[in-house]
Ligand code: ADP
């Protein structure tokens, strides 16, 4: 018995004559997990969701739900709950009628319907709003109703397409907690589409990072953040310094890289990087150690820099450094420091930057 609830097998989708919107998709969604599809606009996330929901058909390949091929099954017979960004509630029906709708379609009797609607309203913490119309609710409340409607018939999987995209930041964060709570309490499998990497990291058990219709990496949030598979994922998930250069020498995994600004740094080489190759050195701002010293004074591995600017950001300081000599070829390195931590260089002053070898990764530059 496999733990896979859904499988995409060799799925490709072409609209009309265009380039494939999704290609070579092999993805298993495990029972009970919250899997996010993360990627920039146009990378194929919604197309993937729509094929599982049944609103689009794959051009090739199969999609299985609990081992059953879905391709010939109409959307309303798939038994999948869907929540969109625009709430898609029926405006002329009350909240309770909206939530009862999927039960009515399934021929569930009135008493049972009413009990389930009450339970669903309790689950999304709106016990008293059943008689309102959607227009009488706030955006966050409408989205809770949409969630209740997607959950009320106890589908094996709920698909959410940018469900919080229309909400402001505070409400979005509140609803992220809400979705996590529902996922945990109900144990329902969820597939969640977002272009917001912070949201994907916060919510997910696993994240599939899309680009150009393909999955670039599928991993738990921490792995994605700490061990991105390529330069794209390293740049898209979390903040990263990205310093272009060329590999001078390599010893095992350790690469000596001359950055385009002239500064030489050490980094761990990713697959595909060798002596002489162009690369992008990435390093997280919170992993850059800073000392108010000249590099010669701190010894091997440290790099000379100049502090251009220190920006107060409440709980931390953002320090912008430049590396290299000539004006034309400067590299910029951002470091994050807790507010009030230690002695800092003065703006315009010399500094030494250092990092552990494992925190700087040299990736091949993508064409
Ligand atoms: P995302 O959800 O990541 O923003 P989409 O799946 O919506 O990406 O789009 C992937 C690609 O498919 C894009 O190039 C988009 O323009 C194209 N596309 C999406 N929907 C349609 C459609 N109905 N007809 C034609 N092309 C489409």
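The values are calculated or read from the model by the stated rules, or taken from the named source; none is laboratory data. In this text the structure is predicted, and so the values were computed from the model without any measurement. Please note: Cβ atoms are built from the backbone with ideal geometry, for glycine as well, and neighbour counts cover all protein chains shown.
Let me spell it out: the conditions are (1) farther than 23 Å from residue 337 by Cα; (2) surrounded by fewer than 22 Cβ atoms within 10 Å (Cβ to Cβ), and residue 207 meets all of them except one. Which number is the exception? Failing condition for residue 207: (2).
Taking the range 277-336 as the range and being in contact with a helix residue (DSSP H, G or I) (Cβ under 7 Å, 6 or more places away or on another chain) and either assigned to a strand (DSSP E or B) or outside the structural domain of residue 261 (by TED's automatic domain parsing) (or both) as the test, the residues that pass are 280, 282, 283, 291, 303, 304, 334, 335, 336. Residue count for the range 49-68 under the criterion of being part of a helix (DSSP H, G or I), farther than 16 Å from residue 85 by Cβ and within 10 Å of the ligand (Cβ to nearest atom): the result is 1. Every test in (1) in a loop (DSSP other than H, G, I, E, B); (2) outside the structural domain of residue 197 (by TED's automatic domain parsing) is passed by residue 228 save one, and that test is (2). Contact annotation: residue pairs with Cβ atoms under 7 Å, 6 or more positions apart or on different chains, pairing a residue in the range 81-106 that is at positive phi with a partner that is in a helix (DSSP H, G or I) and at pLDDT 90 or above, are 88/146. Only strands (runs of 3 or more DSSP E) whose full extent lies in the range 1-43 are considered here, and the ones with at least 3 residues that are within 18 Å of residue 201 (Cα to Cα), at pLDDT 95 or above and assigned by TED's automatic domain parsing to the domain that holds residue 199 are 34-38.
The selection criterion, being part of a loop (DSSP other than H, G, I, E, B) and either in contact with a strand residue (DSSP E or B) (Cβ under 8 Å, 6 or more places away or on another chain) or away from the ligand (no atom under 16 Å from the Cβ) (or both), does not hold for residue 174. Could you tell me whether any residue of the range 236-257 is assigned to a helix (DSSP H, G or I) and away from the ligand (no atom under 16 Å from the Cβ)? No, the range 236-257 contains no residue that is assigned to a helix (DSSP H, G or I) and away from the ligand (no atom under 16 Å from the Cβ). Identify all residues within the range 217-227 that are touching a strand residue (DSSP E or B) at 6+ places or on another chain (Cβ under 7 Å) and either modelled with pLDDT under 95 or buried (at least 22 other Cβ atoms within 10 Å of the Cβ) (or both); write none if there are none. Listed by number, the list holds a single entry, 224.
Based on what the data block shows, is residue 172 more than 12 Å from the chain's Cα centre (by Cα), over 30 Å from residue 18 (Cα atoms) and either at pLDDT below 95 or surrounded by fewer than 19 Cβ atoms within 10 Å (Cβ to Cβ) (or both)? Yes.
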